[in-house]
Amino acid sequence: MDLLYSDADLAFRDQVRAFLASTLPPELQHKVRQHLRLQRDDYVRWHRILAAQGWAAPGWPVEYGGPGWTPVQRHIFDEECALAGAPQVLPFGVNMVAPVIMAFGSQQQKEYYLPRILACEDWWCQGYSEPGAGSDLASLKTSARRATDADGEHYIVNGQKTWTTLAQHADMIFCLVRTDPGVRKQEGISFLLIDMRSPGVTVRPIAMLDEEHEVNEVFFDDVRVPAANLVGQENRGWTYAKYLLGHERTGIAAVGRSKRELAFVKRLALRERKRGRPLLDDPLFGAKVAALEIELMALEMTVLRVLARGEAAPGPEASMLKIKGTEIQQALTELMLDAAGPQALPFDPAYLDGARQHALAGDDDAAPLASYYFNYRKTSIYGGSNEIQRNIIAQMMLGL
Amino acid sequence: MHFELNQEQQQLADAIRRWIGRDYGPEARRAIVHGEAGVSAAAWATMAELGLTALPVPEEHGGFGGDAVAMFAVMQELGRGLVVEPYVATVLGAEFLRLGGGHGALLERVAAGDLKLACALGERQSRHDAFDIATRAEATEGGYRLHGDKRVVVHGAEADVLVVSARDGGGGQGMDGVSLFAVPRDSAGLRITGYRMLDGLRAADVTLDGVMVDAGALVGRAGEGGAILDAALDVGAGLLCAEALGAMQALFDATLDYLKTRQQFGAPIGKFQALQHRMADMAIHLEQARSMALLAALALARARGGAGGEGGEGREGSEGGMGSDADADVAARRRAVSAAKYRVGLAARAIGQGAIQLHGGMGVTDELPAAHYFKRLATIELTLGDMDHHLERFMAQPGFTEAA
């Protein structure tokens, strides 16, 4: 999309590229590019490198430590990081809880949490989903009862969250809890910050299709949370949660990552042979790759059109980007699997986790691909399933 | 980054929309389509008055020198209005003349609105490959003699001058050895059989039985027309993408309106989730297609303004003579245009078929305007390269494997 960027944008891109070339640790880059599993330290390490440069939170206002970039610059930064194979900066602290604290938190909350989030001193996770409340988030049941004792005001929290991503590493969880069961379901919800080391918090891993420990159930059994950890007003949590969702940006389309994966598919398909010729030259396989590349070009252009309009939080447009972005991501994992063929069948978790340098069998770069394919089925389900996104488009954008 | 129309383009688009709203409604269009001429002289005069015929012609030939983005704005409106006049054929013909250099007198008449052009490129065996040319051009004293059969020449019977592709050697493929000629319709040996296409537009089969033209009829240089053909076809495909976008938008809007008004089971049918999801998917197709049509227009505008100068002879005339920047620009143009034509085709099917389905029984009648949009979209898909053709061409560009 060079023809669409200004010279200043291109100069900025060069600056980001130079930074990535000199600071992105090769072993992290290798893990990301090869679809290996990242560990807690990998995420923290990269976050702190970015923080040292002042680039850990591109979306934050300058007063809280953001770099003051334009939306286009943020897009370029995200894309360059993804293309280079940098680990993702996990969104739970920087992009989810931080904007809510900035907008609705107390002065004390801002002063305490925001610098810690920026420096990655706390690992945050998200306590929204519950076993009985998936897409119907507002029907959540985890309760928080306000009480006073000798130590002051606090909440007693009981209930269960689920699908909590990387909660096994977390220091803090931001939760939606029910503080008033007697009103309309959206109106009795509060937004609470809970220390994961509090007595009564239990984390139980959920093994995914690919046996990776990525998500968890989190149980709250009479957990005591200081009232100072309530964000904003009691029973106004639904408003804050919606604000958070509205903060989803064009990054949801993950164009940069898909570009990197498309290049990976092509490299693989140039190496693999079908009847003695590169698989990419096979008309059947090549056509699938080409069709997907065109879809990705169109998505990138759609993202840039949204950015060019300068709208901060495009609701129904974000739904379009989510659907298309995840469809493309999933299709890329399918093509990887198809390209690798039988080489994708050996399953070697020790290699995926980095415990072994090379895969026990088969090719190193093919070994993670089946796992990757299975893992990516989640993308059309999380963050509001793609069916829910279609409802949003139909109702909010088309007025049906 | 700026993807909205500028004020001038928007004003022109508004003027076209007002004209269509006033004079070119479904009934007026039906009368034109079923009339003997198949086109309207009055409509053409108005289009010339609005400046549409002058828009793509360079300023030195009396035009406005509008680029592909300006044409994008115009074509969207003509697509929305389902205009059947020979505009794309004339603009595409003018692009051949512009790229070939010379022919200033013809271009001036195009700009003024008193010359219509058509492009006789396709043949029975060529399907979507405009480089599969069996038409022969024999050099004679002071000119050429042309033999061949051209099929489905859009607006071939309405044109005053036809741009004809031929080879010196008889049959063949590829860029080399292609010659292009501007052939007046009253040339001896030229037989034109006009007919109506499924979308109501006119086309013709054209037989060249020893048609004599003088050397001045050459568009570009003898045997070196390949690059011009390639570049002009991209311009044509870009025009069709924008036209399709306008048609898809109109069809989408009409369908959405229908979902909100048509009652079944005691509710507007748009309340049913199965229909909502289909419509949401059509909305995504529309946005993706818009993105690609716009990208193609930007790439074409860049190619036109790029290295080699404006309309100079040999600008696109010889691949070998271009620098690497120009080569890269040509590859980028082909990639963008083929990607767009493919993606727009995909959306045209999803939106066209979806609109008919969502209109139910009404959708399969000729009475409904939606049906005419569907037919126009299906025609555009099969014109200047279908989806398979453009996907294959996209894959053949260096960018496809270089990006690995």
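The values are calculated or read from the model by the stated rules, or taken from the named source; none is laboratory data. Fair warning: this is a prediction, and the values are worked out from it, not measured in the lab. Here the Cβ is made from the backbone with ideal geometry for all residues, glycine too, and neighbour counts use every protein chain on show. To get the accessible areas, we keep the full protein, side chains included, count just its heavy atoms, and leave off ligands, DNA and RNA. Shrake-Rupley method; radii C 1.70, N 1.55, O 1.52, S 1.80 Å.
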### Query
Which of (1) open to solvent by less than 20 Å² (accessible area, probe 1.4 Å); (2) of a type in the set (Phe, Trp, Tyr); (3) more than 30 Å from A:Leu36 (Cα to Cα) does A:Trp69 not meet, given it meets every other one?
(1)
### Message
Regarding region A:327-350, can at least one residue be identified that is more than 14 Å from chain B (Cβ to nearest Cβ) and at positive phi?
### Response
yes
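Matching residues to (1) open to solvent by less than 10 Å² (accessible area, probe 1.4 Å); (2) modelled with pLDDT of 95 or more; (3) more than 24 Å from B:Ala378 (Cα to Cα):
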| residue | (1), (2), (3) |
| --- | --- |
| B:Ala254 | no, yes, no |
| B:Gly270 | yes, yes, yes |
| B:His277 | no, yes, no |
| B:Met292 | yes, yes, no |
| B:Gly308 | no, no, yes |
| B:Met322 | no, no, yes |
| B:Ser338 | yes, yes, no |
### Task
Scan (1) more than 10 Å from chain B (Cβ to nearest Cβ); (2) within 19 Å of the chain's Cα centre (by Cα); (3) crowded, with 22+ Cβ neighbours inside 10 Å; (4) modelled with pLDDT of 90 or more for the single condition A:Arg260 breaks and write down its number.
(3)
### Message
Out of everything in region A:144-187 that is under 29 Å from the mean Cα position of the chain (by Cα), in a strand (DSSP E or B) and among the small types (Gly, Ala, Ser), what residue ends up being surrounded by the fewest Cβ atoms within 10 Å (Cβ to Cβ)?
### Response
A:Gly159
## Note on the structure
Checking A:Tyr372, A:Tyr382 in turn, the sole residue that is among the aromatic types (Phe, Trp, Tyr), away from every other protein chain (no Cβ under 14 Å) and in a loop (DSSP other than H, G, I, E, B) turns out to be A:Tyr382
### Query
Tally time: how many residues in region B:33-68 are part of a helix (DSSP H, G or I) and either open to solvent by 30 Å² or more (accessible area, probe 1.4 Å) or polar (S, T, N, Q) (or both)?
9
### Task
Determine if region A:355-369 includes at least one residue that is surrounded by 19 or more Cβ atoms within 10 Å (Cβ to Cβ), outside any loop (DSSP other than H, G, I, E, B) and within 13 Å of chain B (Cβ to nearest Cβ).
no
### Message
If B:Gly102 meets every condition in (1) open to solvent by 30 Å² or more (accessible area, probe 1.4 Å); (2) farther than 20 Å from B:Arg202 by Cα; (3) at pLDDT 95 or above apart from one, which number is that one?
### Response
(3)
### Query
Assuming A:Ala308 fulfils every condition listed in (1) of a type in the set (Gly, Ala, Ser); (2) open to solvent by 10 Å² or more (accessible area, probe 1.4 Å); (3) away from chain B (no Cβ under 12 Å) apart from one, which condition is it?
(3)
